[in-house]
Every structure is written in structure tokens, then in C-alpha cells.
Amino acid sequence: MENELAGWNPFKRKTATKAAQVDATPPAVVKPLIRESHRRTAETGGLPRFKSTASDQVSSRGGDRFAAVRARLRDAFTPSQPVADRRFFAGREDVLRAVIRSIEDQRLHVVLYGERGIGKTSLLHVLTQAASEARYIVVYTSCGANSKFDETFRAAAAEIPLLFHSGYSPTATEAEKGATLADLLPAEPLTPRKFGDLASKLTGTRVLIILDEFDRVDSGAFRRDVAELIKNLSDRLGRVQLVLAGVAADLTELVEHIPSIRRNIFALRVPKMTETEVLQIVANGERETDLKFDADASASVVTVARGSPYLASLLCHHAGHAALDDGRNVVQPADVARAVDMAVTEFEGRLPKPVQAHVRRLFDQGRAEVLALAARAALSSDGIVSAAEIAASGEITARKAEEIINALVAEGLLRPNLDGGDERFAFVEDGLPTLIWMTWAQHNLQSDTQPARTPAVAAS
Ligand SMILES: Nc1ncnc2c1ncn2[C@@H]1O[C@H](COP(=O)(O)OP(=O)(O)OP(=O)(O)O)[C@@H](O)[C@H]1O
Ligand SMILES: [Mg+2]
């Protein structure tokens, strides 16, 4: 295109001379572009528009015959938001069953941990619905760096009606007026003991206090107070149970002071999704949107997502829109390839430029498979790899795996993982394994539109 347009100066002004008129006439190659621009202007009024209104009404403008499907697609795959609607919640039956059993039968407090985007908050939403149906009072709090014990648990107390306090009859005037446990709290800062005292007086209900994003809390005092509260509530058979969730590779990373409360908690690392669960994400979307994913497109999503509900949701979202943009309501492997392109662009934007350039250079130098093998192993274990994990797939020998680690350390992309001893290594940026894996997928999906192949290689 650039070559075809070479020599044409769109800024040249028309003059009366013949030569100048010839000069000023756009060459043939430009005419289709002008027609296209007229068509777009007529169609869209020039600039891109929103396709539906903020009240979720599909806009009648723009003539998109798939406008309604698009609107449903937006609800079905929400890569930037947790799932709140059970219709779109896939799999996780075992996790949910285990959590409910430990809350209900064992009266334990729960700690859910796992990598970013693995589905913790979505699980908590579904748990909240299940507990609410069983008449639990559920208080959901998303913690922040500045969360304080006093503030957090005062707010929780404000959600618990006073009528469940054994010292007040449900007909007492305070209870009738809609007072809550917060009204009984002293003005001085709330302590775990004081909150535990109150909780031990509850009757006729049970309360779940969910502290999501617990890893974000900076204050050591808050973490210690929460551990102390768990101990206090457990010892006094309180009717309040805590559910903590956060990003962590292991339990102690999320909750300090674990030894004192180990017997009182049920800790669960939220696992990668199975292939069946990822396929269920696709199937839920198909059911709710009237889009169909052909078998190869679904297989590509499964291969590329590698058990991450976030990646599955992102790919389905982009692939669905790509198909609709092309006038189809059947998603094909080529649409998943386009979705991967978009994802790569997104992920690149989250990493420093030199790191992006470094990865691209290694891909250009034909070292894609070395990178992909390490990235794939890292994605299976929270970003941390060892030679044994790389070799575990059985595709390469332990010696080759060692060579891969050494090569990537020499490149400055892997560094020893301080917590895990000498054997384990971490990528220097959190988002690197995902970017490498998606770039690998991009290369494979481009070369053919079959499901992405996995890196089965004699890595050099
Ligand atoms: N069970 C599920 N079914 C369908 N989609 C899911 C499921 N779990 C998670 N997702 C999708 O994966 C993405 C990440 O989910 P979620 O926000 O729950 O993860 P998270 O572990 O809380 O992430 P973070 O650590 O960033 O808080 C969301 O886009 C959500 O739509
Ligand atoms: Mg979350």
C-alpha cells in the first residue's frame, strides 16, 4: 500500500495548469479508499459509536444484524470482571462442595488462595449466593492496602441485625427499629476479642464474613488481628465464620501466624480448570448468546487457555466479536487466532518495552520453543519453574530442560526464586509466561487454523 501510494502528495493544491491538474488527481489506487471512506461516513456518521445504550438497550442505529448477539456476548464472557451470574459460572463443583462442607459440617474458617485470574472472586460470588439461600448473613469485603481491622469489622457488624443477639428479644424496640450489632460496639478501636465477644452472643443465624483480596492488605497488625479473631471465634463456637481469599502461591504467603490457627481453617488452593471446565465456559456462552463455536475453535480455546478461566473468557470474548464482525454467528479457529492477536497486544502493553522487545527478538531468532516450554511449565505452577517441571511433560529430557533454564537465566528472563531454593526459578515479570505462551500460540495459529499444537520439541 505504501509503495502504491508513493509519489502521491495529498497536500498538493489544485492549480489551473494542466500538469498540476494531472498531479492533483488521486491515482486509481486511492479511489477505492475514498469510496470506502464515504461508505463508512454514511454508515457510522464518521466516528465509532457505542452499540448499545447504558441502560442495555440495543441501539437501532448502525444496522448491525448481530447487535442483540453482541450484547449477550458482552454478558457471557467478562474477562475483566468476575462472574456474578450462575448461568455463566462453569465447573468448580468440587471446590464449591469442599468449601460448603467445611463451613457447614466442620464449622471451619476458609482460606482460598491462588494465582491472579484463577477465579477466586467468581467462586466467592457463587458461594455467597449459596449461603444466602441457606439464610446465612453474608458480608463481602474487598480489602485494600489500607484496610483496618476496626473499619472492616465495624462495617461487618452493621450488616448483622440486632434481633439475632441473644440479649435482645426480636420484639425489643431497638431490634424493631433496625438496629445492628454495630450499635453495641464501643467508641474505642475494635479488637478481635471484642468482636469475638459479640459474635458469641449471636443466635438464630450464621454469618459469613468474606475478606477478598486479603493479599493487598499492607498492615501486619490487620493480618495478625484477623488470625487472632479466627482463633477467638473457633474457641468460643461463635456463629461467625471468615472466608479469606487472595493471590498467593502458598498458604503461608497469604496468612502469617498460620501455626496458631492451622486447625481452625480449611485452606484450598484454587486449581487450574480442567479441559472439561474450560469447555463448559465455552458451552455456557454458546447457550446464552446463540453463538456457536465449531469443534476446532473450542479445541483451540482449550489449548491456548491452559486451564485459566481468565484466558478462556478473554479468548471467547474476542473470538465471538471477531466472528460477528465477519458476519457469522459460528466461531471458527481463525477467529480464535484473531482473539490471540488481540490478547498478545493487550499483554504486551502490560510489560516494559525492553522486555517485549527481548521476547520478540528471541522468537525471531527461532527460540520460540525454548521459551514456550518454560512458559507453559510456569503457567502450570504460578509462574515458578524448575527443570523437573519443564521435563515433566515427557517431551524433552531432564538435561534439555536444564539447558532451557540456563539459557533463560543467561538471557535475564528467569531468576532464582528466593523462596523456593536453588532449583526453582521465576520469570522476571509476572506477565511474561502468559505473553510468551500467547505469542507462541499466535505463531502456531497463524501457520494453520487447526487447534494450536503444543510445544513438542527437541529444544536446542
Ligand atoms: N467458574 C468460572 N466460570 C466462568 N468464568 C470464570 C470462572 N471463574 C473465573 N472466570 C472468569 O475468569 C476471570 C477471572 O476471574 P476472577 O476475577 O474470579 O479471578 P480472581 O482469582 O478473583 O482474580 P484476581 O486474583 O485478579 O482477583 C473472569 O473474567 C471471570 O469471568
Ligand atoms: Mg478477585
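The values are calculated or read from the model by the stated rules, or taken from the named source; none is laboratory data. None of these values were measured; they are calculated from a predicted model. Backbone-built Cβ (ideal geometry, glycine too); neighbour counts: all protein chains shown. Accessible surface areas use protein heavy atoms only, side chains included; no ligands, DNA or RNA. Shrake-Rupley method; radii C 1.70, N 1.55, O 1.52, S 1.80 Å.
Residues checked against (1) over 14 Å from THR205 (Cα atoms); (2) touching a residue at least 12 places away in the same chain (Cβ under 8 Å); (3) within 16 Å of ligand 2 (Cβ to nearest atom); (4) touching a helix residue (DSSP H, G or I) at 6+ places or on another chain (Cβ under 8 Å):
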{"position": "SER102", "(1), (2), (3), (4)": "yes, yes, no, no"}
{"position": "TYR113", "(1), (2), (3), (4)": "yes, yes, yes, yes"}
{"position": "LYS120", "(1), (2), (3), (4)": "yes, yes, yes, no"}
{"position": "TYR136", "(1), (2), (3), (4)": "no, yes, no, no"}
{"position": "SER147", "(1), (2), (3), (4)": "yes, yes, yes, yes"}
{"position": "ALA182", "(1), (2), (3), (4)": "yes, yes, no, yes"}
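Here are VAL243, VAL278, VAL247: which of them is buried (at least 17 other Cβ atoms within 10 Å of the Cβ), within 16 Å of ligand 1 (Cβ to nearest atom) and modelled with pLDDT under 90?
Unique residue meeting the criteria: VAL247.
Quick test for you: out of ARG107, ARG70, ARG135, pick the one residue that is in a helix (DSSP H, G or I) and among the basic types (Lys, Arg).
ARG70
Could you give every pair whose Cβ atoms fall below 6 Å, whose first residue belongs to segment 231-255 and is closer than 14 Å to PHE153 by Cβ, and whose second residue is not aliphatic (A, V, I, L, M), counting only separations of at least 6 or pairs across chains?
Close Cβ pairs satisfying both conditions: ASN232/PRO192; ASN232/GLY196; LEU233/GLY196; GLY238/SER200; GLN241/HIS109; LEU242/HIS109; LEU244/PHE214.
Determine, yes or no, whether VAL69 is surrounded by 18 or more Cβ atoms within 10 Å (Cβ to Cβ), β-branched (Val, Ile, Thr) and at pLDDT 90 or above.
So VAL69 does not fit the description; no.
Within segment 225-262, take every residue that is of a type in the set (D, E, K, R) and over 18 Å from LEU112 (Cβ atoms) and give me the one that is nearest to ligand 2 (Cβ to nearest atom).
Only one residue tops the list, namely ASP225.
List the number of the failed condition for PRO271; all other conditions in (1) more than 13 Å from ligand 1 (Cβ to nearest atom); (2) within 20 Å of ARG86 (Cα to Cα) hold.
Against the list (1) more than 13 Å from ligand 1 (Cβ to nearest atom); (2) within 20 Å of ARG86 (Cα to Cα), PRO271 comes up short only on (1).
Please state which one of ASN264, ASN284 is over 23 Å from the mean Cα position of the chain (by Cα), open to solvent by less than 50 Å² (accessible area, probe 1.4 Å) and on the phi < 0 side of the Ramachandran plot. Explain how you work it out, then say what you get.
Values: ASN284 fails: over 23 Å from the mean Cα position of the chain (by Cα).
None of the others qualify; the one that does is ASN264.
Within segment 196-206, can you find the residues that are over 15 Å from LEU185 (Cβ atoms) and at pLDDT 90 or above?
Narrowing segment 196-206 to residues over 15 Å from LEU185 (Cβ atoms): 203-206.
THR205, ARG206 - these are the residues of segment 196-206 that are over 15 Å from LEU185 (Cβ atoms) and at pLDDT 90 or above.
Kindly check whether there is at least one residue in segment 294-312 that is acidic (Asp, Glu) and open to solvent by less than 40 Å² (accessible area, probe 1.4 Å).
Scanning segment 294-312 turns up no residue that is acidic (Asp, Glu) and open to solvent by less than 40 Å² (accessible area, probe 1.4 Å).
Condition check ((1) closer than 30 Å to CYS316 by Cβ; (2) in a helix (DSSP H, G or I); (3) open to solvent by less than 60 Å² (accessible area, probe 1.4 Å)) across all residues:
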position	(1), (2), (3)
VAL95	yes, yes, yes
ARG116	yes, no, no
SER122	yes, yes, yes
HIS125	yes, yes, yes
VAL139	no, no, yes
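Looking at segment 148-155, can you tell me whether even one residue there is out of contact with any strand residue (DSSP E or B) (no Cβ under 7 Å at 6 or more places or on another chain) and buried (at least 21 other Cβ atoms within 10 Å of the Cβ)?
Yes, segment 148-155 contains a residue that is out of contact with any strand residue (DSSP E or B) (no Cβ under 7 Å at 6 or more places or on another chain) and buried (at least 21 other Cβ atoms within 10 Å of the Cβ).
Among helices (runs of 4 or more DSSP H) lying entirely in segment 333-422, which contain 2 or more residues that are exposed (fewer than 15 other Cβ atoms within 10 Å of the Cβ)? First the steps, then the outcome.
Details: elements: 333-349, 353-364, 368-380, 387-391, 398-410.
Qualifying helices (runs of 4 or more DSSP H): 333-349, 353-364, 398-410.
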